[in-house]
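The values are calculated or read from the model by the stated rules, or taken from the named source; none is laboratory data. Since we're looking at a predicted model, the values are computed, not measured. Here the Cβ positions follow ideal geometry from the backbone for every residue, glycine too, while neighbour counts run over all protein chains shown.
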Amino acid sequence: MGVLFPTDEFEQIKDILVIYNCALKNISTRMDIIMDDFKHIQSNNPVEHITSRVKSPESIAEKLHRLGFEVTAENAKNNLYDIAGIRVICSYAKDIFIIADVFKRQPDLKVLIEKDYVSKPKPSGYRSYHIILIVPVYLSKETMHIPVEVQIRTQAMDFWASLEHKVRYKYKDAEAIPQHLCDDLKECADKITDLDKRMFQIHEIFR
């Protein structure tokens, strides 16, 4: 059995997750509006599809343990920024920056953390745009400000990231991954970058 929340903390984390789910709905609704804007008003929808999730109590407990924190609801709220997350899959790499800019221009959203792994990929080859947004959740008696992680990437980047995740999960420790697999993944990442660029060039010719 993995790491779990103590019994006295479990109800607290469940209550907190309700609020995180509200924050996720807030961002998801904004994305629906943005997509309608691009599709019907600007006649150009750069978004292929969207997925979202709120981490389970078990996943939160395991991450707290892995980071060296005591497994409590308070530590989850204060130290984890990816409890609620949304992933936006774009058609082309340039669209990633368009969507990121839309979020950054919304006046009631605050950018807490921003990491551009598209322009500056990780050494492994990982490419994606990450933004931690502080989202207002308007409740009946108060307003809470909840972090939501937004990941923006192309379909090719998402496919690569999914494969890398499976490799890391299999070997548990990143340092245990055989070097030849690391080299293969990096080579695939480089080819995907080139493929994204070439597909966009073809797209521009036939616009």
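Below, the figures for the structure above:
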read-out	value
Complete set of residues in the range 23-44 that are in a helix (DSSP H, G or I) and farther than 15 Å from V150 by Cα	I33, M35, D36, D37, F38, K39, H40, I41
Pair list, Cβ < 6 Å and 6+ apart or interchain, from the range 1-14 residues that are closer than 17 Å to N78 by Cβ to residues that are not in a helix (DSSP H, G or I)	F5/V71; E9/T72; I13/F5
Where S91 falls short, out of the listed (1) in contact with a Pro (Cβ under 6 Å, 6 or more places away or on another chain); (2) at pLDDT 95 or above; (3) not aliphatic (A, V, I, L, M)	(2)
From the options T29, T51, residue that is closer than 18 Å to L139 by Cβ and at pLDDT 90 or above	T29
Subset of the range 45-92 (residues that are farther than 18 Å from I16 by Cα, of a type in the set (D, E, K, R) and assigned to a helix (DSSP H, G or I))	R66
Any chance M144 is surrounded by 18 or more Cβ atoms within 10 Å (Cβ to Cβ), of a type in the set (A, V, I, L, M), more than 17 Å from S28 (Cα to Cα) and touching a helix residue (DSSP H, G or I) at 6+ places or on another chain (Cβ under 9 Å)	no
Subset of the range 117-176 (residues that are of a type outside the set (A, V, I, L, M, F, W, C), under 19 Å from F103 (Cβ atoms), touching a residue at least 12 places away in the same chain (Cβ under 8 Å) and outside any loop (DSSP other than H, G, I, E, B))	Y129, H130, P136, H145, P147, E149, Q151, R153, T154, D158
Number of the exception - H49 against (1) in contact (Cβ under 8 Å) with a residue 12 or more places away in the chain; (2) surrounded by 12 or more Cβ atoms within 10 Å (Cβ to Cβ)	(2)
The lone exception for H65 - which of (1) in contact with a strand residue (DSSP E or B) (Cβ under 7 Å, 6 or more places away or on another chain); (2) surrounded by fewer than 16 Cβ atoms within 10 Å (Cβ to Cβ); (3) farther than 16 Å from P136 by Cα it fails	(1)
Of all residues in the range 93-116 being touching a residue at least 12 places away in the same chain (Cβ under 8 Å), part of a loop (DSSP other than H, G, I, E, B) and not hydrophobic (A, V, I, L, M, F, W, C), the one that is surrounded by the most Cβ atoms within 10 Å (Cβ to Cβ)	Q106
Of the criteria (1) surrounded by 13 or more Cβ atoms within 10 Å (Cβ to Cβ); (2) under 13 Å from the mean Cα position of the chain (by Cα), which one S162 fails	(1)
